[in-house]
Amino acid sequence: MTEVKNMAGHLIRRLHQISTQCFARRMQEAGHDLTPVQFAALDAIAAQPDTDQAGIAAQIGYDKATIGGVIDRLEQKRLVIRHPSPHDRRARLVQPTDAGRAGLAELHPIVRDLQEDILAPLTPEERATFVALAAKALGA
């Protein structure tokens, strides 16, 4: 019988905890108040401005029912703005503000660097293998 500590689900959960802690620490050190999901959403919004909330949720693999709250917080931080879609008045399109784009430019190098913190015990070759296998497991 496999012990829980050696099960994939448990290891993924623990790695997620480590990833989230590394992200929070590095954001705090950089003077930013942003969660990993908020960063992912902001990055997706900047990559495809004027996408609706459902499209953003799909891009980052997040729940459509709760993405609105994530975008609410980004809007409160003045990193994004929303406006009604000209084609569907029920839909709200999201775009980054100048502050959102500037924040992303500052944060991208930090987020790239913290990937090494997350996988610190692994060699560069093992990191590449891990990323390839994780992407394969996700069907990417």
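The values are calculated or read from the model by the stated rules, or taken from the named source; none is laboratory data. If you're wondering where the values come from, they're calculated on a predicted model, not measured in any experiment. Quick reminder, even Gly has a Cβ in these numbers, built from the backbone with ideal geometry, and neighbours come from all protein chains shown.
Taking GLU106, is it surrounded by fewer than 18 Cβ atoms within 10 Å (Cβ to Cβ) and touching a residue at least 60 places away in the same chain (Cβ under 8 Å)?
Spelling it out, GLU106 is indeed surrounded by fewer than 18 Cβ atoms within 10 Å (Cβ to Cβ) and touching a residue at least 60 places away in the same chain (Cβ under 8 Å).
Do we have any residue at all in the stretch 87-103 that's under 30 Å from PHE130 (Cβ atoms), of a type outside the set (Ser, Thr, Tyr) and surrounded by 12 or more Cβ atoms within 10 Å (Cβ to Cβ)?
The initial filter retains those residues of the stretch 87-103 that are under 30 Å from PHE130 (Cβ atoms), namely 103.
From what's left, of a type outside the set (Ser, Thr, Tyr): 103.
Still in the list and also surrounded by 12 or more Cβ atoms within 10 Å (Cβ to Cβ): 103.
Yes: one or more hits.
Could you list, in sequence order, all residues of the stretch 1-45 that are in contact with a Gly (Cβ under 8 Å, 6 or more places away or on another chain) and more than 19 Å from GLN115 (Cβ to Cβ)?
The one that is in contact with a Gly (Cβ under 8 Å, 6 or more places away or on another chain) and more than 19 Å from GLN115 (Cβ to Cβ): ILE45.
Say we look at the stretch 89-140 and pick out the residues that are in contact with a strand residue (DSSP E or B) (Cβ under 8 Å, 6 or more places away or on another chain) and not small (Gly, Ala, Ser); which of these is modelled with the lowest pLDDT?
Applying the filter and picking the extreme gives ARG92.
Take the residues in the stretch 66-86 that are in a helix (DSSP H, G or I) and of a type in the set (Gly, Ala, Ser); name whichever of them is surrounded by the most Cβ atoms within 10 Å (Cβ to Cβ). Walk me through it before giving the result.
Our first condition is that a residue be in a helix (DSSP H, G or I); within the stretch 66-86, this holds for 66-76.
If we keep only those that are of a type in the set (Gly, Ala, Ser) too, we end up with 68-69.
Numbers: GLY68: 15, GLY69: 11.
Among residues in the stretch 66-86 that are in a helix (DSSP H, G or I) and of a type in the set (Gly, Ala, Ser), the one surrounded by the most Cβ atoms within 10 Å (Cβ to Cβ) is GLY68.
Where in the stretch 1-65 are there helices (runs of 4 or more DSSP H), lying fully within it, with 3 or more residues that are of a type in the set (Gly, Ala, Ser) and either modelled with pLDDT under 95 or out of contact with any helix residue (DSSP H, G or I) (no Cβ under 7 Å at 6 or more places or on another chain) (or both)?
So the answer is 8-29, 53-60.
Taking interchain pairs and intrachain pairs at least six residues apart, which have beta carbon atoms under 7 angstrom, with the first residue in the stretch 12-39 and under 19 Å from GLY100 (Cβ atoms) and the second assigned to a helix (DSSP H, G or I) and of a type in the set (Phe, Trp, Tyr)?
PRO36/PHE23
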